[in-house]
Amino acid sequence: MGKFFILATVLLVLVNIAFAASFDVKVTPITDKIVVDEVAEFDIDVQNNLDTDEEYLIKKAGYPFWDMYTKPLQNPITLKVPAQSTSSIKLFVDPLYITSVDTYTLDMGIVLESTGQEQKVPITVGIKSTEPLIGGYIPTVLTSTSISPEKIDPRGDFTITIVLNNQNVLDYPNLTIKIESNLFKDELYVQLGPKKDRTIEVTKKLDDMTVPQKDRLVIAIFKDERLIVSPIVKEFEVIEYAVQEDLPKEQSFLKIRKGIKVMSNNPDYKGIVKVETTPIKNLFMTASPRAEVVKENGRNYLVWEVEVGPDKTISIRTSENYRPIVVLILLVIAAIVLYFLFRSPIVVSKAIGNVGMSYGGISEAKIVVRVKNRSQNQITDIEVVDNLPHIAHVEKELSIGSMQPHAILKHPKKGIMIRWNIETLEAGDERVLSYRMKSRLPILGELNLPAASARTKIGDKVIISNSNRASVGG
């Protein structure tokens, strides 16, 4: 019986030696001396001495006072090691509830999954300071932030939302939240109770002319000048806008001035401004700066290509001036009134009729001169004179309703002068004066006769009226 016990003990030792030799573990510290709110780091190397690929389980140690994890997180933590090879994994050790400065050793287990064999590996961490502790706890405030909208129009408000989650029993009667970007800064003071959540909303407004840009919002949380939450960064953007607004209308007598102001927060903004118009309106409209007239879908528009420049604004003005057309109408009316006021009261017209032909030319014709009183008053002592060229002579002709010449004279330069004297011509009355002309030689082509004239005196004013020139043939 004693020999059997000794033999079993020897076999067990040999089995343990065989198992122990199946893998080796090496722990290399990267950061093993930390402040209580920091995290220690170690490299774990596992040497697989077997001829088969194996998987190893890394068992955490020290919970709930310590936490062990990998990045990315694994649960459970495993490591695959090829046959006769070595694989590594980085292990992070976090002191959760450690309240004193000391050196701590944690026995981490490495288990060969295929056999269940386990090796205990010591992990040693030195806590060099517990200053970050508050009331025996590491301050843990989970914080998130958002900005709405993320694309900000500077003309409108935007909201910064900060969510705080107190993970332990610490009470924060006066936390300082600092909000900062290139465009604004702010500082808030809030209270956060143990194991409490709190949401803070801050409404902000930028200057309307803030230029388009990308910016970063940085939020940090302090307790008594001590940073307890690492700065959180949130990106946002100020977007470009452009707006057109009507300027006050200026109106005076027959003149209308309108304007459009174009504004943008971008000094490099370029755009199009269109104002509907009509062809008639264009006749009386001026624009500053000058515009191009464009027709679209059957409608006419004044079109400007604008650039706002450093002032971030530009004004466009149009002026409708109807004064010239009114002045022109008034001048026409005045001219008509003056014409009727100062026109000759006597109207003289001259015509040629009853043309006789011989040898291919004009040999005779009847000349009719009409004299009419178009005024509202009686006119007396009217002298009517007509002229013929030397080549012709006058034959007296008796016609009912016509008045015969009082004198026919020869003039060395003007030719033959025929004269009538009209003693009285009532308002609206007309006298028909006629005579027959005969040519000594046939007149070939066109016969052109000079104008007849009527002369009288009204008061101290001498009135002379001329007829049209008469012509025939050609």
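Kindly establish whether Ile418 is in the same structural domain as Ile458 (by TED's automatic domain parsing), out of contact with any Pro (no Cβ under 6 Å at 6 or more places or on another chain) and among the hydrophobic types (A, V, I, L, M, F, W, C). Lay out the reasoning, then the answer.
Working: in the same structural domain as Ile458 (by TED's automatic domain parsing): yes; out of contact with any Pro (no Cβ under 6 Å at 6 or more places or on another chain): no; among the hydrophobic types (A, V, I, L, M, F, W, C): yes.
No; evaluated as a whole, the condition is false for this residue.
Scanning for something surrounded by 12 or more Cβ atoms within 10 Å (Cβ to Cβ), more than 25 Å from Val294 (Cβ to Cβ), assigned by TED's automatic domain parsing to the domain that holds Leu188 and hydroxyl-bearing (Ser, Thr, Tyr), does segment 208-215 turn up at least one residue?
yes
Can you tell me which residue in segment 21-30 is nearest to the chain's Cα centre (by Cα), limited to those that are loosely packed, with under 14 Cβ neighbours inside 10 Å and under 13 Å from Phe92 (Cα atoms)? Spell out how you get there, then give the answer.
So in segment 21-30, the residues loosely packed, with under 14 Cβ neighbours inside 10 Å come out as 21, 26, 28, 30.
Next cut, under 13 Å from Phe92 (Cα atoms) only: 28, 30.
Details: Thr28: 64, Ile30: 59 Å.
Looking at residues that are loosely packed, with under 14 Cβ neighbours inside 10 Å and under 13 Å from Phe92 (Cα atoms), I get Ile30.
Going through segment 341-375 one residue at a time, which ones are of a type in the set (D, E, K, R) and under 16 Å from Glu446 (Cβ atoms)?
Result: Lys350, Glu364.
Does Gly259 count as of a type in the set (Gly, Ala, Ser), loosely packed, with under 13 Cβ neighbours inside 10 Å, out of contact with any helix residue (DSSP H, G or I) (no Cβ under 7 Å at 6 or more places or on another chain) and within 26 Å of Gly156 (Cβ to Cβ)?
Spelling it out, it is not the case that Gly259 is of a type in the set (Gly, Ala, Ser), loosely packed, with under 13 Cβ neighbours inside 10 Å, out of contact with any helix residue (DSSP H, G or I) (no Cβ under 7 Å at 6 or more places or on another chain) and within 26 Å of Gly156 (Cβ to Cβ).
Per-residue answers, yes or no, for (1) among the acidic types (Asp, Glu); (2) at pLDDT 90 or above:
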residue: Lys3; (1), (2): no, no
residue: Ala20; (1), (2): no, no
residue: Lys33; (1), (2): no, yes
residue: Lys59; (1), (2): no, yes
residue: Tyr63; (1), (2): no, no
residue: Gln74; (1), (2): no, no
residue: Ile98; (1), (2): no, no
residue: Asp102; (1), (2): yes, no
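Suppose the filter is in the same structural domain as Gln213 (by TED's automatic domain parsing), modelled with pLDDT under 95 and loosely packed, with under 13 Cβ neighbours inside 10 Å; does Asn166 pass it?
No.
Given the residues Val262, Val233, which is the only one that is in a strand (DSSP E or B), outside the structural domain of Thr161 (by TED's automatic domain parsing) and at pLDDT 90 or above? Let's see the steps before the verdict.
Details: Val233 fails: outside the structural domain of Thr161 (by TED's automatic domain parsing).
One residue alone meets the criteria, Val262.
Looking for whichever is surrounded by 11 or more Cβ atoms within 10 Å (Cβ to Cβ), hydroxyl-bearing (Ser, Thr, Tyr) and over 12 Å from Ile367 (Cα atoms) here; the options are Ser439, Ser434, Ser471. Which one fits?
Ser439
Keeping to segment 161-217, report how many residues are over 31 Å from the mean Cα position of the chain (by Cα) and outside any strand (DSSP E or B).
9
Going residue by residue through segment 41-49, is there one that turns out to be more than 22 Å from Glu118 (Cβ to Cβ) and either touching a Ser or Thr at 6+ places or on another chain (Cβ under 9 Å) or modelled with pLDDT of 90 or more (or both)?
Scanning segment 41-49, I find at least one residue that is more than 22 Å from Glu118 (Cβ to Cβ) and either touching a Ser or Thr at 6+ places or on another chain (Cβ under 9 Å) or modelled with pLDDT of 90 or more (or both), so the answer is yes.
Only residues in segment 311-324 that are on the phi > 0 side of the Ramachandran plot count as the first member; pair them with residues that are of a type outside the set (Phe, Trp, Tyr), Cβ under 7 angstrom, at least 6 apart or cross-chain, and list the lot.
Pairs that qualify, where the first residue is on the phi > 0 side of the Ramachandran plot and the partner is of a type outside the set (Phe, Trp, Tyr), are Lys312/Met209; Lys312/Met263; Lys312/Ser264; Lys312/Asn265; Lys312/Pro267.
Out of everything in segment 313-348 that is touching a Phe, Trp or Tyr at 6+ places or on another chain (Cβ under 8 Å) and charged (D, E, K, R), what residue ends up being nearest to Ser471 (Cα to Cα)? Step through it out loud before you land on a result.
Start the filter on segment 313-348 by keeping residues that are touching a Phe, Trp or Tyr at 6+ places or on another chain (Cβ under 8 Å), which leaves 316, 320-325.
Still in the running and charged (D, E, K, R): 320, 323.
Values: Glu320: 50, Arg323: 45 Å.
For segment 313-348, the residue satisfying everything is Arg323.
Considering only segment 302-329, state which residues are farther than 23 Å from Ser264 by Cα and part of a strand (DSSP E or B).
Across segment 302-329, the qualifying residues are Ser319, Glu320, Asn321.
Go through Ile314, Ile367 for me and flag whichever is surrounded by 17 or more Cβ atoms within 10 Å (Cβ to Cβ), in contact with an Asp or Glu (Cβ under 8 Å, 6 or more places away or on another chain) and either among the acidic types (Asp, Glu) or assigned by TED's automatic domain parsing to the domain that holds Thr286 (or both). Give the steps one after another, and end with the answer.
Details: Ile367 fails: either among the acidic types (Asp, Glu) or assigned by TED's automatic domain parsing to the domain that holds Thr286 (or both).
Of the residues listed, the single one that is surrounded by 17 or more Cβ atoms within 10 Å (Cβ to Cβ), in contact with an Asp or Glu (Cβ under 8 Å, 6 or more places away or on another chain) and either among the acidic types (Asp, Glu) or assigned by TED's automatic domain parsing to the domain that holds Thr286 (or both) is Ile314.
Among the residues of segment 46-99, write down those that are part of a loop (DSSP other than H, G, I, E, B), under 60 Å from the mean Cα position of the chain (by Cα) and closer than 18 Å to Thr31 by Cα.
Thr70, Lys71, Leu96
Could you please give the count of residues in segment 330-357 that are assigned to a loop (DSSP other than H, G, I, E, B) and either of a type outside the set (D, E, K, R) or in contact with a Lys or Arg (Cβ under 6 Å, 6 or more places away or on another chain) (or both)?
2
Just for strands (runs of 3 or more DSSP E) wholly inside segment 398-466: which have at least 2 residues that are touching a residue at least 40 places away in the same chain (Cβ under 8 Å) and not acidic (Asp, Glu)? I'd like the intermediate steps shown before the answer.
Numbers: elements: 407-411, 415-425, 430-443, 446-449, 453-458, 461-466.
By residue number, 415-425, 430-443, 446-449, 453-458, 461-466.
Got at least one residue in segment 292-300 being surrounded by 15 or more Cβ atoms within 10 Å (Cβ to Cβ) and at pLDDT 90 or above? Spell out how you get there, then give the answer.
Applying the first criterion (surrounded by 15 or more Cβ atoms within 10 Å (Cβ to Cβ)) to segment 292-300 yields 300.
This time we only want the ones that are at pLDDT 90 or above, so: 300.
Yes.
Can you tell which of Ala365, Ala351 is under 30 Å from Glu430 (Cβ atoms) and either in contact with a Phe, Trp or Tyr (Cβ under 7 Å, 6 or more places away or on another chain) or at pLDDT below 90 (or both)? Can you show your working first?
Details: Ala351 fails: either in contact with a Phe, Trp or Tyr (Cβ under 7 Å, 6 or more places away or on another chain) or at pLDDT below 90 (or both).
Sole residue among the options that is under 30 Å from Glu430 (Cβ atoms) and either in contact with a Phe, Trp or Tyr (Cβ under 7 Å, 6 or more places away or on another chain) or at pLDDT below 90 (or both): Ala365.
The values are calculated or read from the model by the stated rules, or taken from the named source; none is laboratory data. Remember, predicted model here, so these are calculated numbers, not experimental data. Because the Cβ atoms are built from the backbone with ideal geometry, glycine has one as well, and the counts that use them run over all protein chains shown.
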